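Worksheet: one structure, shown below.
Values in this text are rule-based calculations from the coordinates and carry no lab data. This is a predicted model, so every value here is computed, not measured. Because the Cβ atoms are built from the backbone with ideal geometry, glycine has one as well, and the counts that use them run over all protein chains shown.
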Amino acid sequence: MKSLRLVPLVTVWILSLSVSALSQEGHMKGMDMPMKQPAKKPAKSALQPAEGASVKIVSPKAGEILKGDKVPLQFKLTKGKRGEHVHAYVDGEMMGMFKSEKGTLTGIRPGKHTLELRVVAKDHQTELDASDKVNFVMK
């Protein structure tokens, strides 16, 4: 009888390990994507030295007027010693992360916005003091 009671518990535990492993694997592979839940950016004082990393936004251009809710994004990334990808912030909220130098931000509401890209280390936590900003308008 005791062994039958453990079967559901063991099954749940094994399934939770499988789901956890799949979500971690998918997280690393699906880097170039907008985020569904925006996150706040860390304070400037929390940034680590750039160590040769830099980023320059190519598109959208300053003051550009875009229609719809999608922002085509293009940038030039110099990784330096520790940079690996960029976090994209719109009005201070993280809206995506990108490893390649282009992508699309979605779900952007009409109005004036500030886009900031920050170079980030492989751990996704260490943001470097390497960023670029541009203002744009959604219609």
Show me the three semi-axes of the equivalent ellipsoid for the stretch 33-138, from the C-alpha gyration tensor (sqrt of 5 times each eigenvalue), largest first, rounded to whole Å. 22, 14, 12
Of Lys67/Lys122; Lys99/Lys139; Lys112/Lys133; Lys70/Lys133; Lys79/Lys139, which sit over 25 Å apart, Cα to Cα? Lys67/Lys122; Lys99/Lys139; Lys79/Lys139
Assigned charges on the beta-carbon of Lys, Arg, Asp, Glu; the stretch 87-139 dipole about Cα centre (debye): 300 debye
Can you tell me the length gained on complete extension of the stretch Asp123 to Ser54, counting 0.36 nm per residue apart and subtracting the Cα distance? 23.1 nm
Roughly how big is the stretch 33-138's charge dipole about its Cα centre, with Cβ charges of +1 (Lys, Arg) and -1 (Asp, Glu), in debye to the nearest 20? 160 debye
Separation in nanometres of the label points that stand 7 Å from Cα toward Cβ, at Ser100 and Lys133: 2.9 nm
Per-peptide average of other Cβ atoms within 10 Å, ordering 103-111, 47-55, 116-124 highest first: 116-124, 47-55, 103-111
Determine the gain in length on full extension of the stretch Lys76-Glu64; use 0.36 nm per residue of separation and subtract their C-alpha separation, reporting nm with one decimal. 2.5 nm
